[in-house]
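Remarks on the structure that follows.
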């Protein structure tokens, strides 16, 4: 496929790129708001205005044919909350959103505050700790895991499944191929064990809107994807972990860089 957009010829999903993507992002932004990645035959939107406009234009930038950079990943994820449009997407979002609204989260604020304080007290007593292993996943794998309410096998694998779902959205390199196997394991569990009667009573996944109705919406000729009750598990685990890491970054890592931007107006730091 030929394109008139500026070209950035790099493997966007290589280990080297993933470990240190920021210099690449800076180069891509310098090339323009839309960049062609020939190794993946994908366009990349690099600037806020274009990304925002694309996300709001559901008619042109559809999700129902897949949101991954790879045809195989698009095939097996079609119809889930990210890879859906219209009636199905709205129904899934309507079913999965209520537990995360402010009013619902307020009900468990006390439990979260106690767990967070205990975690910080324990980590503060150490000479050093690893943020992504010891801080970021703690709440997702304790309170969030229990609130999602999956059977034991699902609870123990939530974060592993969540990581695979993110890796799946790349290409079929070694990481992507491994992610497909883990994702299919998650799907098998969701279709065979995440039945309404097996979910924890009172949990985020055990309410009528989530357990019934949304899985019957049409998704096309591909095999039926996981129902929203099971899809919710990986999303909560991964988003919770990333939120924990983001909180550390905002508190300890980003302030010096924000200060540099303030002190050097007009410079790209």
Does the stretch 156-169 contain any residue that is within 24 Å of residue 17 (Cβ to Cβ) and part of a loop (DSSP other than H, G, I, E, B)? yes
Among 6, 23, 33, the single one that is without any contact (Cβ under 8 Å) to a residue 60 or more places away in the chain and in contact with a strand residue (DSSP E or B) (Cβ under 6 Å, 6 or more places away or on another chain) is 6
Residue among 169, 119, 141 that is out of contact with any strand residue (DSSP E or B) (no Cβ under 8 Å at 6 or more places or on another chain) and closer than 26 Å to residue 88 by Cα: 169
Could you list, in sequence order, all residues of the stretch 78-107 that are modelled with pLDDT under 80 and either part of a helix (DSSP H, G or I) or within 15 Å of the chain's Cα centre (by Cα) (or both)? 95, 96, 97, 98, 99, 100, 104, 105
Hey, does the stretch 151-172 have a residue that's surrounded by 14 or more Cβ atoms within 10 Å (Cβ to Cβ), more than 18 Å from the chain's Cα centre (by Cα) and either over 30 Å from residue 40 (Cα atoms) or at pLDDT below 85 (or both)? yes
Has the stretch 73-85 got any residue that is in contact (Cβ under 8 Å) with a residue 12 or more places away in the chain, touching a strand residue (DSSP E or B) at 6+ places or on another chain (Cβ under 9 Å), surrounded by 13 or more Cβ atoms within 10 Å (Cβ to Cβ) and under 22 Å from residue 165 (Cβ atoms)? no
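The values are calculated or read from the model by the stated rules, or taken from the named source; none is laboratory data. For clarity, every value in this text was computed on a predicted model and none was experimentally measured. A quick note on method: Cβ atoms are made from the backbone with ideal geometry, for glycine too, and the neighbour counts reach across all protein chains shown.
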